[in-house]
């Protein structure tokens with residue numbers, strides 16, 4: 001599941017997970033990545049650092065590494081290595097979650113990491129900027145000026161990460177099976193539609209497998 005900030009992604013994602021009886025995988029991702037790399041969860045979180053000074057420096061070093069520029073300061077090697085390790089570890093955690101009996105995996109490019117994984121339903125939640133700012137203001141308890149600032153910084157961080165490593169805009173509808181305006185639709189309605197789509201996809205996969213093997217579906 002991918003969501004722009006203010007699109008009620010966490011609320012809807014956790015609701016879908018509860019209905020399907022599977023884990024909601026969000027904050028656990030940086031925690032597990034941090035364990036693998038021996039760093040804090042905050043440092044390990046690939047998605048929520050995009051607007052910090054450290055992250056901008058990190059992005060620039062990754063860019064230089066990608067284009068093969070060799071005349072950069074020696075100390076940049078460690079930073080580039082951490083960026084690569086952080087991305088790889090994040091992808092490993094996402095793939096493991098998808099293989100361990102299923103999960104609702106929120107953000108961090110999971111839709112791209114799992115684009116070839118069988119049976120994965122890719123969902124995008126979005127909505128007009130003004131509606132999302134209103135949601136942020138209400139849920140975070142801040143005024144609309146601060147909500148607008150948070151919206152810009154958080155969306156930028158999420159989008160930059162996906163663009164940098166996967167070469168696409170996470171807002172593109174073609175990347176997903178289901179795209180919902182979750183600022184207009186009630187969260188409960190979004191949950192119900194996503195659960196229905198996931199159930200239909202699982203059923204179709206069972207029928208396809210049964211047809212191929214000659215065995216009736218469960």
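Per-residue answers, yes or no, for (1) in contact with a helix residue (DSSP H, G or I) (Cβ under 9 Å, 6 or more places away or on another chain); (2) surrounded by fewer than 13 Cβ atoms within 10 Å (Cβ to Cβ); (3) in a loop (DSSP other than H, G, I, E, B); (4) at pLDDT 95 or above:
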| site | (1), (2), (3), (4) |
| --- | --- |
| 132 | yes, no, no, yes |
| 135 | yes, no, no, yes |
| 148 | yes, no, no, yes |
| 153 | no, no, no, no |
| 165 | yes, no, no, no |
| 169 | yes, yes, yes, no |
| 174 | no, yes, no, no |
| 180 | yes, no, no, yes |
| 188 | yes, yes, no, yes |
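Of the set (1) at pLDDT 95 or above; (2) under 19 Å from residue 11 (Cβ atoms), all apply to residue 143 but (2).
Picking from residues in the stretch 97-122 that are outside any helix (DSSP H, G or I) and touching a strand residue (DSSP E or B) at 6+ places or on another chain (Cβ under 6 Å), the one that is surrounded by the fewest Cβ atoms within 10 Å (Cβ to Cβ) is 103.
The values are calculated or read from the model by the stated rules, or taken from the named source; none is laboratory data. Keep in mind that this is a model prediction, so the values were computed, not measured. So basically every Cβ, Gly included, is an ideal-geometry build from the backbone, and we count neighbours across all protein chains shown.
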